[in-house]
Amino acid sequence: MKISAVKGFRDVLPEESARWSWIERTARTLFARYHYDEIRLPVAEKAALFGRSIGEFSDIVEKEMYTFEDRDGTRLALRPEGTASVVRAYVEHSIYVKNPEAKFYYIGPMFRRERPQKGRYRQFHQIGVEAFGREDPVLDAEVILLVADLLDELAVERAWFELNSLGCSACRPRFREAVRKFGERLGERLCENCRRRLGGNPLRILDCKEEACRAATENAPSLPEFWCEACREHFSRVRELVSAEGIAFRENPRLVRGLDYYCRTAFEVLAAGLGAQNAIGGGGRYDGLVEALGGPDVPAVGVALGIERLAMVAGPHPEPGGVEVFVAPVGRPAEKAAQGLAHRLRRAGVRVEMESGDRSLRSQMRRAHREGARFTLIVGEEELADGAATVRDMVAKRDFRRSVPLGGDAETVLTALRRLGGGESAKTGGS
Ligand code: HAM
């Protein structure tokens, strides 16, 4: 019986993973320019970490986490996101002592048991950054600019930011209370989910996707009216700094995010053409989280982007991939010399494919063609006797009989190929 992959868990086959590699490489290079260092985190954590950070009443913790009991009885969870783990590590390794303003990035799988659909999986992958130690709006703007640059480098078109401020511990409780009271008055007009949320997480009724809830909450209390002076000033500076760089954003006072740790700046990155799952990223400030997880009172801000969704909206990736040189031994005695040639070229950085000498030349040539090789080096009986491989120029469809020395070093071989190919190197189409 065939065993298939688990629902919502998928394979990333080479064609797609080449795109992922490009996305990840682009992100790494960019993050280095913004002075973020990589942190690699475990995929399993104690389940309590996520209850204390994302929130006991969040959908993620209530319904979507993969939790299990370890053999010693500890409750573990496959991480549903990266922020909580980064903060745990920041506290656990006392990073705040040596480098309180540390800036990290991470790339890796996350797990949420959501209903799978286009762009939504149970194992998905995030690229995220987290910056600690500063509450100034310059850092919020930096994170937004960094995302804008990444989208630019990945040629993502038709993407925009939605921006809000969730207030702080001084002003948000009043807003929360107002929304809760408002929601209670709505009673049955709210969906069951929202009625349940009123107790633990009332703000979520503001971004419920149900049409009836949207209509019912149209006149809900508006966050901006509740901001304290410090939050108002902070948000206005974030907007100014982001606008100064020409970043397009829409203010959305109903944006509350599904994770409880945010305060002040909260944002999402949306893209056209993705259907219902149109958020390619989300982030914001979480000034109280380090302390809530046992560290000192250190502010922080960050963002995470979904790689699956980025891959769907990014432009064509520039990597050629494939094979540059194909080496075709004809008959077993030719294999050693052919392998030597292939090995030297590979060590010199050329992408080479080589077959077994048992295969006919015809079938090897078909394969070379299929792989898109620029040149094929044929090593048969005569080539062995003369100590030189025959070169087939796959573009010009011409053979140069015994024109490349079998014992030649990679540079000699490549120079010969360049000459035979009329200046083109073995690298596909390059020079
Ligand atoms: P989040 O909004 O839950 O934020 O997730 C960020 C991004 O991960 C989403 O915008 C989406 O692109 C992707 N994503 C989430 N769930 C799925 C899924 N089931 N399938 C595919 N992609 C998905 C966070 O996770 C926060 N930790 C972000 C953050 C970092 N805030 C501060 N620092």
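The values are calculated or read from the model by the stated rules, or taken from the named source; none is laboratory data. Treat the numbers as computed from the prediction; the structure is a model and nothing was measured. Here the Cβ is made from the backbone with ideal geometry for all residues, glycine too, and neighbour counts use every protein chain on show.
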Given the structure, is Ala311 in a helix (DSSP H, G or I) and touching a Lys or Arg at 6+ places or on another chain (Cβ under 8 Å)? yes
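Residue-wise test of (1) part of a strand (DSSP E or B); (2) without any contact (Cβ under 8 Å) to a residue 12 or more places away in the chain; (3) of a type in the set (Gly, Ala, Ser); (4) more than 11 Å from the ligand (Cβ to nearest atom).
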{"residue": "Gly294", "(1), (2), (3), (4)": "no, no, yes, yes"}
{"residue": "Pro318", "(1), (2), (3), (4)": "no, no, no, yes"}
{"residue": "Gly321", "(1), (2), (3), (4)": "no, no, yes, yes"}
{"residue": "Ala328", "(1), (2), (3), (4)": "yes, no, yes, yes"}
{"residue": "Lys336", "(1), (2), (3), (4)": "no, yes, no, yes"}
{"residue": "Arg344", "(1), (2), (3), (4)": "no, no, no, yes"}
Before we move on, is Val138 farther than 27 Å from Pro202 by Cβ, within 15 Å of the ligand (Cβ to nearest atom) and of a type outside the set (Asp, Glu)? no
Only residues that are buried (at least 16 other Cβ atoms within 10 Å of the Cβ) and outside any strand (DSSP E or B): list them for segment 63-82, please. Glu64, Met65, Arg79, Pro80, Glu81, Gly82
Just to be sure I understand, how many residues within segment 248-266 are within 22 Å of the chain's Cα centre (by Cα) and in a loop (DSSP other than H, G, I, E, B)? 6
Are there any helices (runs of 4 or more DSSP H) wholly within segment 124-204 with 3 or more residues that are within 17 Å of Gly288 (Cβ to Cβ), and if so which? 172-186
Gly306: passes all of (1) under 30 Å from Val12 (Cα atoms); (2) at pLDDT 95 or above; (3) away from the ligand (no atom under 13 Å from the Cβ) but (3)
Being of a type in the set (A, V, I, L, M), surrounded by 10 or more Cβ atoms within 10 Å (Cβ to Cβ) and at pLDDT 95 or above is the filter here, so list the residues in segment 1-43 that pass it. Val12, Ile23, Ala27, Leu30, Ala32, Ile39, Leu41, Val43
Looking for something surrounded by fewer than 22 Cβ atoms within 10 Å (Cβ to Cβ), away from the ligand (no atom under 16 Å from the Cβ) and free of Cβ contacts under 8 Å to residues at least 12 places away in the same chain - is there at least one such residue anywhere in segment 244-253? yes
Pull up segment 96-128, narrow it to residues that are among the β-branched types (Val, Ile, Thr) and either within 9 Å of the ligand (Cβ to nearest atom) or within 11 Å of the chain's Cα centre (by Cα) (or both), then point me to the one that is surrounded by the fewest Cβ atoms within 10 Å (Cβ to Cβ). Ile107
Take the residues in segment 372-403 that are farther than 13 Å from Ala328 by Cα and among the acidic types (Asp, Glu); name whichever of them is surrounded by the most Cβ atoms within 10 Å (Cβ to Cβ). Asp393
What single numbered condition from (1) in contact with a strand residue (DSSP E or B) (Cβ under 9 Å, 6 or more places away or on another chain); (2) within 16 Å of the ligand (Cβ to nearest atom) fails to hold for Leu203? (1)
Please name all residue pairs, on different chains or six or more residues apart, with Cβ atoms under 8 Å, provided the first residue is in segment 1-28 and is among the charged types (D, E, K, R) and the second residue is part of a helix (DSSP H, G or I). Glu16/Ala311; Arg19/Ala311; Glu24/Ile307
For residues in segment 48-62 being under 21 Å from Phe9 (Cα atoms) and crowded, with 18+ Cβ neighbours inside 10 Å, which is modelled with the lowest pLDDT? Asp59
